[in-house]
Amino acid sequence: IVGTIPATIGSINGLVAFHASENHLTGSLPSTIGSLTSLNTLQLYSNSLGGSLPNSIGNMKSLTYLVVVDNNFIGSIPPSIGSLQDLRFLYLASNSFVGTIPSTIGSLTDLQYFIIRSNSLSGTIPGSFNSLTALIDVELNNNHFSGNLPSIGGLTTLNYFYADSNSLA
């Protein structure tokens with residue numbers, strides 16, 4: 001598929017899954033995507049999408065899978081992402097995200113996979129990270145994080161924790 005994701009996508013009320021990975025999609029993710037409140041899966045990996053993730057993404061209350069790996073997204077991770085209470089898979093790797101991990105991430109208590117490697121994220125890992133007790137896989141590597149590693153002793157389901165190529169203590 002070549003082209004952009006049209007803003008009219010937000011009017012498809014019954015859409016529950018949108019898979020358009022490994023195509024030639026360009027442009028940005030329209031803010032109308034937040035109108036898809038029944039969507040549980042958004043997979044757009046390996047395209048050429050850019051711009052920032054719209055803050056309206058926090059309106060997608062049914063979302064369990066958000067996968068936008070290997071695109072050209074910029075800007076910060078919107079704090080509204082903490083509103084996605086059903087989110088299990090958050091894959092934002094291999095983009096150009098900047099800024100910090102929003103502290104609202106601690107609200108995602110069902111999150112199992114948090115993959116944000118290979119971006120330009122910085123700052124410290126928020127203390128709210130310890131609330132993510134369902135985590136299985138965390139990949140923070142190849143960013144610009146600094147400060148101390150968060151306490152992960154309470155994350156008893158954690159199998160993989162990658163934080164190399166940062167400036168963590």
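Numbers below:
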{"item": "Carbon + sulfur, % of accessible area of region 1-142 - ligands and nucleic acids excluded, 1.4 Å", "result": "49"}
{"item": "Radius, Kirkwood style, for region 39-121 when every pair of distinct Cα atoms is counted (Å)", "result": "12.4"}
{"item": "Magnitude of the charge dipole, region 18-169, Cβ model with Lys/Arg +1 and Asp/Glu -1, debye to 20", "result": "220"}
{"item": "Largest-first principal axis extents, alpha carbons of the chain, Å", "result": "46, 26, 23"}
{"item": "Charge dipole (the chain, unit charges on Cβ, about Cα centre) - positive-most of 42, 94, 160", "result": "42"}
{"item": "Accessible surface, the chain, averaged per residue in Å² (probe 1.4 Å)", "result": "42"}
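The values are calculated or read from the model by the stated rules, or taken from the named source; none is laboratory data. As the structure is a computational prediction, the values presented were derived from the model and not from experiment. When we count neighbours, we look across all protein chains shown, and the Cβ atoms used for this are built from the backbone with ideal geometry, even at glycine. To get the accessible areas, we keep the full protein, side chains included, count just its heavy atoms, and leave off ligands, DNA and RNA. Shrake-Rupley method; radii C 1.70, N 1.55, O 1.52, S 1.80 Å.
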